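Some notes on the structure that comes next.
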């Protein structure tokens, strides 16, 4: 199992720089796409859950409190809950507010696990990722600025022959 996790980690580390060096797409017009954000959230959340489950299961042995399945599920829930809002944000062309989307995911996960612990019912844990996905997509789409909203423009500008940096916009 540890060898598999090592190979998985090496694969991620080798492919990550190549993926990071992709040419960015053309600046999008106002393209709020909740369906695409939802789909990206599913993909990223599933990938995060799988990676977290492998990492969590790798930590289980006779010295720890949880067995392999429980540790894998906990690790998968944590990493899946962190990857899901990243996928939703990427699926919406990075136009919404990532901080609010992450906060939505963390608060939803905390509420789901808290309800599961308080009621001793695993149904809340199973429903939590779906609620996270819907909530994160709604917050991402809601925080996407409209084309009419003023945006700050930053860039180099030359005034009276003196170069400088000017930030302009309506506050």
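None of the figures in this text is laboratory data; all of them are computed from the coordinates on show. What you are looking at is a predicted structure, and each value in this text was computed from that prediction instead of being measured. Using ideal geometry, Cβ is built from the backbone for each residue, glycine included, and neighbour counts are taken over all protein chains shown.
A few notes on this one:
- Sites residue 46 and residue 100 - FRET efficiency at Förster radius 22 Å, r taken between beta-carbons, to 0.05: 0.45
- Contour excess over end-to-end distance, with Cα ends at residue 130 and residue 61 and 0.36 nm allotted per residue: 21.8 nm
- Panel order for 63, 140, by other beta carbons found within 10 Å of each beta carbon, from fewest to most: 63, 140.
- 17 Å cut-off, amide nitrogen to a point 7 angstrom out along residue 36 Cα→Cβ, residues in region 68-103: 86-98
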